[in-house]
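To keep things clear, I will list the structure first and then write my remarks on it.
The values are calculated or read from the model by the stated rules, or taken from the named source; none is laboratory data. Worth saying up front: this structure is predicted, and the values here are computed from it rather than measured. Glycine also receives a Cβ, built like all others from the backbone with ideal geometry; neighbour counts cover every protein chain displayed.
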Amino acid sequence: MAKTTTGRVWKYGDNVNTDVIFPGKYTYTVLDPAAMAQYALEDLDPRFAKAVRPGDVIVAGRNWGCGSSREQAATCLKMAGVGAVIAESFARIHFRNLINNGLPAITCAQAVAALQDGEPVTVDFEAGEIRGAAGTFAFPPLPEAVLGILEAGGLIPYTKRRLGLG
């Protein structure tokens, strides 16, 4: 994982559920992780999957990823190239699914309030900073174990590395 990500802000509101992040109608038909990216946020923002670029950052309100424990909701964002998700708060299971997929999940209400859709943003994971047009916003440093998972690209590669299996 890079120590920073730079991209555009994609801003969404409160209570965006996993069925909106990855539409449930594809749960049992789209099984290839790379193919999942083309359906990311399809019902909420039809332009997202075609226009998102590597490093872009989702900025969301409260309870991002509520609903089912569908792992595809995290996988499709990672495969679409999203560099981080910043929210006021996360649904617990989705938060863990993001980390398990190697996608940084950051809670920072001040940044959420200030960042605007489409503006450039840089997230510095090592410094614990989010930089946008309205200024710099601090977030608590990510725990060492989480940084290890993100650096490895997800929990499975992290575990394999720790066990000497790959």
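Annotations
- Filtered residues of the stretch 124-136 (kept if more than 13 Å from ALA87 (Cα to Cα), assigned to a strand (DSSP E or B) and not hydroxyl-bearing (Ser, Thr, Tyr)): ASP124, GLU129, ARG131, GLY132, GLY135
- Failed criterion for ASP43 (all others in (1) out of contact with any Pro (no Cβ under 7 Å at 6 or more places or on another chain); (2) of a type outside the set (A, V, I, L, M); (3) surrounded by fewer than 17 Cβ atoms within 10 Å (Cβ to Cβ) hold): (1)
- Answer residue from the stretch 94-143, given it is touching a helix residue (DSSP H, G or I) at 6+ places or on another chain (Cβ under 7 Å) and of a type in the set (Val, Ile, Thr) and is nearest to SER68 (Cα to Cα) among those: ILE99
- Residue ID - surrounded by the most Cβ atoms within 10 Å (Cβ to Cβ), chosen from residues in the stretch 125-137 that are farther than 20 Å from PHE95 by Cβ and at pLDDT below 95: ALA127
- Residue in the stretch 150-163 that is surrounded by fewer than 17 Cβ atoms within 10 Å (Cβ to Cβ), touching a residue at least 24 places away in the same chain (Cβ under 8 Å) and assigned to a loop (DSSP other than H, G, I, E, B) present: yes
- Residue count, the stretch 1-16 (criterion: closer than 19 Å to LEU103 by Cα and in contact with a Phe, Trp or Tyr (Cβ under 9 Å, 6 or more places away or on another chain)): 8
- Residue in the stretch 100-119 that is part of a helix (DSSP H, G or I) and exposed (fewer than 12 other Cβ atoms within 10 Å of the Cβ) present: no
- Residue within the stretch 90-97 that is buried (at least 18 other Cβ atoms within 10 Å of the Cβ) and under 14 Å from THR6 (Cβ atoms) present: no
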